[in-house]
Each structure stands twice: as structure tokens, then as C-alpha cells.
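Student: Dropping the structure in here first, questions after.
The values are calculated or read from the model by the stated rules, or taken from the named source; none is laboratory data. What you see is a predicted model; the values in this text were computed from it and never measured. Glycine gets a Cβ as well: all are built from the backbone with ideal geometry, and neighbour counts include every protein chain shown.
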Ligand code: ASP
């Protein structure tokens, strides 16, 4: 059993040490809840459960506490990937829903597994999810004072369950101030990918992550036999020519876990099968 979670990038310049500490504490608590749940649930169920807890915490930029776009609205994206059957599902630019990852979970059972914009919002409404504003006073204040701080905390979770099955979940409120219609990496296979060998969740500048095909690339390298750490290093080196800004967490079938960031600091926590680890 392994579980890794991330809370996106932490900005030393625009966020206080107190915020950093709060995020670390929150990650550790959520990691422990996720770990307990994982004892009796599959990797996929546990990835959803843990991502929902992260979405519900306003400290992170996903679900409650999402960033606000240039037109003053919040549009969120989330994806889920089941390593067992390689099914990917997700929502892109959904509005007024508390937990985008739960809509991604519901879409797993549909033939049409990725929905965008108004279609995603209507699907959630029709499925009985209540309309819910995920805006917080803090994000509105940041928006009104035009404070742009990338990395106020997209969330992600990768899991290996007791049967060795893998899953990945990623959820974001986006970069903040984006042009309405912009598509984040989080609900694409560049930002969230898993198969039977490896599961990866990314955070950072979505455009850079998509340019690097990051999550898929790392998973493919591990599938072809590369150790996880090497697959991370090679893939992150390939971001360098364009100074790509990204971070990722990963777990493999063999139980390897790893994380890397192109620029400091991504906040994350992990259970490596024996002990908890919290890092920024
Ligand atoms: N990757 C997200 C996006 O570009 C933002 C983030 O991870 O902080 O939408």
C-alpha cells in the first residue's frame, strides 16, 4: 500500500510560513484519512476519497478555494485514471459544483467519459449534485487585488492498493486570471495518467505540462522498464529547454514512490508503505 498526495506549488514570495505550515498539517491529516480508507478500498476508490478531502479544504486550489478566472468566474477541472483498465474520465471547466472529482468518478461508468463546460455542469446537475459556490473570501480578495500567485494549490493523489492496483486523481481551479475557455492540463493525460505499472499526478503551469506530455511520458518510460526515479529525471530534463514549470508525484506497481519539481516548492505528503513523509 502506498499513497502520495500533493497540494500544488507553494510560493515563498507571496505566501507566509504560516500558510505553508497549515498546508503541511492539512496534507498530513488528509494523508492519514486516505491511508485508513485505503486499508479496505481499491486504489481508485481511495484516490477519489482522498482527492475529495483535498478539494474540500479551502487552503488548496481545487473544489472549495479554487482560483478565479479573468471574468470573475470559477471553472474547475478534474480527472481520474484507473490503472487496472486504463480508463480515464474527467471534467473540464465545470462550474458551481463542490467536488469535480466526484463527477469524474460518475463519468467512469459512462461511454462519454470526458465532459467540458456547460455540458459537464448540466451532467452534474442532472445527476443530482447540488449547485454549490466554491468561492472563498480569500480568493475573491486575491482576485480583486489582482494578486496572481501560481500554485496556490492544485491537488493530486496517486495510490497503490493492497492488491498492487494503481490509480491517479488530479483536481484544479486552474492558474487564476485565465481567459475563459482555457484548458488546464489537470484533466488531460499530460497531467494525470495511470496504467498497471505506474500512476502520476502533476501540478504547475498547465501549458508547460502539456508541452512535455509529462504524466504520460513518465508512465510510458516506467512501462518500458525504466526505474521511476530515472523516468522522472529524464522527463523533467526535457522540460528544461523551455524552462517548463512543473511538479509531479508518482507510484509504481513495484512500490517505488518519487516526486520531483522543476522549481521549488511543491507541497506533498506520502505514505511509503512504512512511514509518513511530509515535504515542501
Ligand atoms: N496545472 C494547473 C493548471 O495549469 C495549475 C496548478 O497546478 O497549479 O491549470
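Student: Which residues, taken from segment 64-81, are within 24 Å of residue 30 (Cα to Cα), assigned to a loop (DSSP other than H, G, I, E, B) and away from the ligand (no atom under 14 Å from the Cβ)?
Tutor: Within segment 64-81, 64 is the sole residue that qualifies.
Student: For segment 145-155, check the following and say yes or no: at least one residue is buried (at least 16 other Cβ atoms within 10 Å of the Cβ), more than 8 Å from the ligand (Cβ to nearest atom) and modelled with pLDDT of 90 or more.
Tutor: Taking every residue of segment 145-155 in turn, at least one turns out to be buried (at least 16 other Cβ atoms within 10 Å of the Cβ), more than 8 Å from the ligand (Cβ to nearest atom) and modelled with pLDDT of 90 or more.
Student: Same structure again: Quick one: is residue 20 under 26 Å from residue 245 (Cβ atoms), more than 15 Å from the ligand (Cβ to nearest atom) and surrounded by fewer than 23 Cβ atoms within 10 Å (Cβ to Cβ)?
Tutor: Values: under 26 Å from residue 245 (Cβ atoms): yes; more than 15 Å from the ligand (Cβ to nearest atom): yes; surrounded by fewer than 23 Cβ atoms within 10 Å (Cβ to Cβ): yes.
Yes; evaluated as a whole, the condition is true for this residue.
Student: Just to be sure, is residue 138 assigned to a helix (DSSP H, G or I) and over 19 Å from the mean Cα position of the chain (by Cα)?
Tutor: Values: assigned to a helix (DSSP H, G or I): yes; over 19 Å from the mean Cα position of the chain (by Cα): yes.
Yes.
Student: When you go through (1) within 27 Å of residue 258 (Cα to Cα); (2) in contact (Cβ under 8 Å) with a residue 60 or more places away in the chain one by one for residue 69, which number turns out not to apply?
Tutor: All conditions pass for residue 69, except number (1).
Student: Next question, about the same structure. If residue 182 satisfies every condition in (1) within 14 Å of the ligand (Cβ to nearest atom); (2) crowded, with 24+ Cβ neighbours inside 10 Å but one, which is the exception?
Tutor: Condition (2) is where residue 182 drops out.
Student: What tally of residues in segment 228-276 results from selecting those that are touching a helix residue (DSSP H, G or I) at 6+ places or on another chain (Cβ under 9 Å), closer than 29 Å to residue 42 by Cα and without any contact (Cβ under 8 Å) to a residue 40 or more places away in the chain?
Tutor: Final tally of qualifying residues: 9.
Student: So, one more: For residue 161, indicate whether it is within 10 Å of the ligand (Cβ to nearest atom), modelled with pLDDT of 95 or more and touching a helix residue (DSSP H, G or I) at 6+ places or on another chain (Cβ under 6 Å).
Tutor: On the way: within 10 Å of the ligand (Cβ to nearest atom): no; modelled with pLDDT of 95 or more: yes; touching a helix residue (DSSP H, G or I) at 6+ places or on another chain (Cβ under 6 Å): yes.
No; evaluated as a whole, the condition is false for this residue.
Student: Hey, another quick one. How many residues are free of Cβ contacts under 8 Å to residues at least 60 places away in the same chain, closer than 21 Å to residue 67 by Cβ and touching a helix residue (DSSP H, G or I) at 6+ places or on another chain (Cβ under 7 Å) if we restrict to segment 79-98? Quick ask: steps written out before the conclusion?
Tutor: To start, the set of residues in segment 79-98 that are free of Cβ contacts under 8 Å to residues at least 60 places away in the same chain comprises 85, 87, 89, 94-98.
From what's left, closer than 21 Å to residue 67 by Cβ: 94-98.
Then keep just the ones that are touching a helix residue (DSSP H, G or I) at 6+ places or on another chain (Cβ under 7 Å); that gives 94-97.
So the answer is 4.
Student: Could you tell me whether residue 271 is surrounded by fewer than 24 Cβ atoms within 10 Å (Cβ to Cβ), closer than 20 Å to residue 167 by Cβ, under 16 Å from the mean Cα position of the chain (by Cα) and away from the ligand (no atom under 14 Å from the Cβ)? Break it down into steps so the answer makes sense when it comes.
Tutor: Working: surrounded by fewer than 24 Cβ atoms within 10 Å (Cβ to Cβ): yes; closer than 20 Å to residue 167 by Cβ: yes; under 16 Å from the mean Cα position of the chain (by Cα): no; away from the ligand (no atom under 14 Å from the Cβ): yes.
No, not satisfied.
Student: From the set of residues in segment 195-212 that are within 12 Å of the ligand (Cβ to nearest atom) and not in a helix (DSSP H, G or I), which is farthest from residue 44 (Cα to Cα)?
Tutor: Going through the qualifying residues, I end up with 205.
Student: Which of the residues belonging to segment 185-194 are crowded, with 24+ Cβ neighbours inside 10 Å and away from the ligand (no atom under 12 Å from the Cβ)?
Tutor: Of everything in segment 185-194, those that are crowded, with 24+ Cβ neighbours inside 10 Å and away from the ligand (no atom under 12 Å from the Cβ) turn out to be 193, 194.
Student: Given the conditions (1) surrounded by fewer than 16 Cβ atoms within 10 Å (Cβ to Cβ); (2) within 16 Å of the ligand (Cβ to nearest atom), report the number of the one that residue 177 does not fulfil.
Tutor: (1)
Student: Further, regarding this structure: Which one is farthest from the ligand (Cβ to nearest atom), of the residues in segment 49-63 that are more than 11 Å from the chain's Cα centre (by Cα) and outside any loop (DSSP other than H, G, I, E, B)?
Tutor: 49
Student: Quick check on my filter: what residues within segment 241-256 are in a strand (DSSP E or B) and within 16 Å of the ligand (Cβ to nearest atom)? Break it down stepwise before answering.
Tutor: Within segment 241-256, the first condition is being in a strand (DSSP E or B), and the residues that meet it are 246-252.
Within segment 241-256, 246, 247, 248, 249, 250 meet the criteria.
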